[in-house]
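S.K.: Have a look at this one.
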Amino acid sequence: MPGAAGEQSVSIRLIVNDRRHQLETPAGETLLGTLRERLALTGPKEACGEGECGACTVLVDGAPVASCILAAGSVNGRTILTVEGLAGTGELTALQQAFVSHAAVQCGYCTPGLLMVLTALLDDTPDPSEADVRRALAGTICRCTGYQQIIEAALDAAQLMIRSATS
Amino acid sequence: MQFCRVRSVAEAVDELSRWGTEGRILAGGTDVMPQYLRGEQSPAALIDISGIEGLQGISEVGGVTSIGALVTLRRLATASLVQLRHPALAQAAAAVGAWQTQTVATLGGNICSAAATADTLPALLVADAQLMLVSKSGRRRVSLEEFLEGPGATALRPTELLRAIEVEPLGERTSEGNLKVGRRSAMDLAVVGLALRLSVTPSGVVSDARIAVCGGTRSPHRVPSAEAAIAGSQLIDGRLDCAEAGAELASAAVPERADSAQYRRRVLPGLLSRLAERCVTAILGAGG
């Protein structure tokens, strides 16, 4: 039986930001490792490395996950969206634009994770209450700005999206 | 290390019998992966069961709810069937970590990790949860109470897989709830967690009370002496006096030498009163 010596590789297929990939990854590699080291998608950040801070948040089939503790092998065949995929067409999303106008970014390290979890929220709950936004943000830590501008940006983006959908 | 992806229960039990104690089951991985990444665990194989579709359903079988071991905490927290029939479980699942955790973390994982702080376990204990275990040599059914053998320790054999969890839905004139106290309302372990399931007769007598706690030094557990202190009580003006049960709960569930024992002992009676009030209101509101 193979012991701890050497990691065998596992073959995975992923759709990341609308592009298909077939990869060989070490058995214990995290999705974050695969995205950053193999696909050069450095938007998702590694901060705590323990699934506690949310800087590594990406969407798997539309749902937010902490990619730093998710085994890459277990998302075989799934669809991944990282912060790089948000402005895929070259235009910022309403949420990204709202982050800019509300100055919801300071050092920027947590921003990719915040954008992803809020993207999932606005998809799930298009007209969220402030409590919904706060609850969605509970797993994504910002140590610079405080959360007020971030919450206001999310609420503003929701209203903007509702208006543009109905106009 | 090898990564074994299995697509069915049959494949899973094959791999488990092949690897024995050298294999580690990977479901959502929110416990297993951090332990592996920190070097606390170095299994020869991760047996990834997350793709087994047969373990992802919630169904009603003969009056009980059967929950597949891979049902995620997010689904438990948001599914209307769970909120209606198993509100304490839905509330407990919503209290675990944050959205990112709940997306992948599974009920089976929370049970098999068997942490003293496992948030869903009190709600499962008051619903008399039964665990369906399967291995290459057969199936067995074990109550959650028997399954838990101490923090991090369970009766699961190395070759066994938890397949499903069966829980009793709420009966007539019965309600339940779950409350957690941590240092934060998200992303933190329970200092204490409490679940209460309460049944009241039309004449206002408590016919059944089940109380379970987590967050102490032991595995999550029922507290029979506190249950006995409520059972048979008469509601007075639509209220249930929980003072005696609260005092009993505090002393029975928190050993003197436990960390923050004084704090836990002060918090628990208040949680019990709030849950009792919530349950009584729901029962009286539903049927008078």
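S.K.: Highest GNM mean-square fluctuation, chain B, Cα pairs closer than 10 Å: which of B:201, B:106, B:65?
M.R.: Result for chain B, Cα springs under 10 Å: B:201 fluctuates most.
S.K.: Across the range A:137-151, in residue order, what do the Karplus-derived ³J(HN,Hα) couplings come to in whole Hz, using 6.51 cos²θ - 1.76 cosθ + 1.60 with θ = phi - 60° and x for Gly and Pro?
M.R.: So the J values, rounded to whole Hz, are 7, 4, x, 10, 9, 10, 9, 9, 8, x, 9, 4, 5, 5, 5.
S.K.: Based on the alpha-carbon gyration tensor of the range A:9-85 and its eigenvalue square roots a ≥ b ≥ c, which shape applies: rounded if a/c is under 1.5, prolate if not and a/b is larger than b/c, or oblate? Please report the intermediate quantities before stating the final value.
M.R.: Working: a/c = 1.56, a/b = 1.20, b/c = 1.30.
Oblate, since a/c reaches 1.5 and b/c is not below a/b.
S.K.: Take every Cα pair under 8 Å in the range A:94-166 that's 6+ residues apart, average their separations, divide by the length, and report that relative contact order as a whole percent.
M.R.: Numbers: 69 pairs, mean separation 36.0, N = 73.
That works out to 49 percent.
S.K.: Antiparallel as a % of all DSSP beta bridges within chain B, to the nearest 5? It would help to have the intermediate numbers written out before the result.
M.R.: Working: 42 of 50 bridges.
Given both bridge residues lie in chain B, the antiparallel proportion sits at roughly 85 percent.
S.K.: Determine the relative contact order of chain A: mean sequence separation of Cα pairs under 8 Å and six or more apart, normalised by residue count, in whole percent. Write out the running numbers ahead of the final one.
M.R.: Details: 285 pairs, mean separation 36.7, N = 167.
This gives 22 percent for chain A.
S.K.: Would you mind ranking A:116, B:33, B:1 so that the residue whose beta carbon has the fewest other beta carbons within 10 Å leads the list? Could the numbers behind the result be given before it?
M.R.: Working: A:116 28, B:33 24, B:1 21.
Least crowded to most crowded, the residues run B:1, B:33, A:116.
S.K.: Using a Gaussian network model of chain A with C-alpha springs under 10 Å, which one of A:87, A:63, A:71 is most mobile by mean-square fluctuation?
M.R.: A:87
S.K.: Something else: Give the average, rounded to an integer, of partner chain Cβ atoms located within 10 angstrom of each Cβ in B:91-101.
M.R.: 6
S.K.: I'd like the Karplus ³J(HN,Hα) series for the range B:268-277: coefficients 6.51, -1.76, 1.60, θ = phi - 60°, whole numbers in Hz, and an x wherever there's a Gly or Pro.
M.R.: Couplings: 4, x, x, 4, 4, 4, 5, 5, 4, 5 Hz.
S.K.: Once you have a ≥ b ≥ c as the square roots of the Cα gyration tensor eigenvalues for the protein assembly as shown, tell me rounded if a/c is under 1.5, and otherwise prolate or oblate according to whether a/b is larger than b/c.
M.R.: Numbers: a/c = 1.95, a/b = 1.28, b/c = 1.52.
Note, shape of the protein assembly as shown comes out oblate.
S.K.: Quick check on packing: order B:135-142, B:221-228 by the mean number of other C-beta atoms within 10 Å, highest mean leading. All intermediate terms of the calculation are to be shown ahead of the outcome.
M.R.: Values: B:135-142: 12.8, B:221-228: 19.6.
Ranked by mean Cβ neighbours within 10 Å, highest first: B:221-228, B:135-142.
S.K.: Could you pull out every residue, at least 5 positions away or on a different chain, whose amide H is within less than 5 Å of the one on residue B:188? Hs are placed 1.01 Å off N in the peptide plane, and Pro or chain starts have none.
M.R.: Correct list: B:97.
S.K.: Looking at the square roots a ≥ b ≥ c of the eigenvalues of the Cα gyration tensor of the range B:156-288, which shape do they give, rounded for a/c under 1.5, prolate if a/b is larger than b/c, or oblate? All intermediate terms of the calculation are to be shown ahead of the outcome.
M.R.: Details: a/c = 1.91, a/b = 1.29, b/c = 1.48.
Here the range B:156-288 falls in the oblate category.
S.K.: Related question: Over chain B, what lengths in whole Å, largest first, do the semi-axes of the equivalent ellipsoid take, defined as the square roots of 5 times the eigenvalues of the alpha-carbon gyration tensor?
M.R.: Details: eigenvalues 233, 86, 49 Å².
They are 34, 21, 16 Å, listed from largest to smallest.
S.K.: At what distance in angstrom do the alpha carbon centres of the range B:203-265 and the range B:87-155 lie from each other?
M.R.: Centre-to-centre (Cα) distance: 21 Å.
S.K.: Applying a 10 Å radius around every beta-carbon, put B:43-50, B:181-188, B:75-82 in order of their mean neighbour count, most first. Please report the intermediate quantities before stating the final value.
M.R.: On the way: B:43-50: 23.6, B:181-188: 15.1, B:75-82: 18.0.
Listed from highest to lowest mean packing, they are B:43-50, B:75-82, B:181-188.
S.K.: A further question on this structure: Enter the mean number of other protein chain beta carbons within 10 Å of the beta carbon of each residue in A:68-78, as an integer.
M.R.: Numbers: counts 4, 13, 8, 11, 1, 8, 13, 3, 5, 1, 0.
The mean count of partner-chain Cβ atoms within 10 Å per residue comes to 6.
S.K.: Going by amide H atoms built from the backbone, whose H comes under 5 Å of the H on residue B:42, apart from near neighbours?
M.R.: none
S.K.: Just to compare against my own numbers: the Cα pair-distance distribution for chain A, 10 Å bins, whole % per bin, please.
M.R.: 11, 38, 32, 14, 4, 1, 0
S.K.: At 222 nm, what helix-only mean residue ellipticity would chain B give, in deg cm²/dmol to the nearest 500, using -39500 (n - 2.57) for each DSSP H run of four or more? Spell out each step's value before the answer.
M.R.: Working: 12 runs with 105 residues, N = 288.
It lands at -10000 deg cm²/dmol.
S.K.: Enter the mean number of other protein chain beta carbons within 10 Å of the beta carbon of each residue in A:120-126, as an integer.
M.R.: Details: counts 3, 1, 0, 0, 2, 0, 0.
For peptide A:120-126, the averaged partner shielding equals 1.
S.K.: Hey, another quick one. For the range A:65-80, just list the computed ³J(HN,Hα) in residue order, Karplus coefficients 6.51, -1.76 and 1.60, θ = phi - 60°, integers in Hz, with x standing in for Gly and Pro.
M.R.: Coupling constants for the range A:65-80: 9, 8, 6, 6, 10, 9, 5, 4, x, 8, 10, 3, x, 8, 9, 10 Hz.
S.K.: Please state the relative contact order of chain B as a whole percent: Cα pairs under 8 Å, 6+ residues apart? Please list the in-between numbers first.
M.R.: Numbers: 645 pairs, mean separation 44.5, N = 288.
In percent, rounded to a whole number, it is 15.
S.K.: Can you list the residues, at least 5 places off or on another chain, whose amide H is less than 5 Å from the amide H of residue B:129, using H built in the peptide plane?
M.R.: Here B:144 satisfy the definition.
Laboratory data are not the source of any read-out in this text; all were calculated from the coordinates shown. Computed from a prediction, not measured in an experiment: that's the story for all the values here. Reconstructed Cβ throughout: ideal geometry from the backbone, glycine too, with neighbour counts over all protein chains shown.
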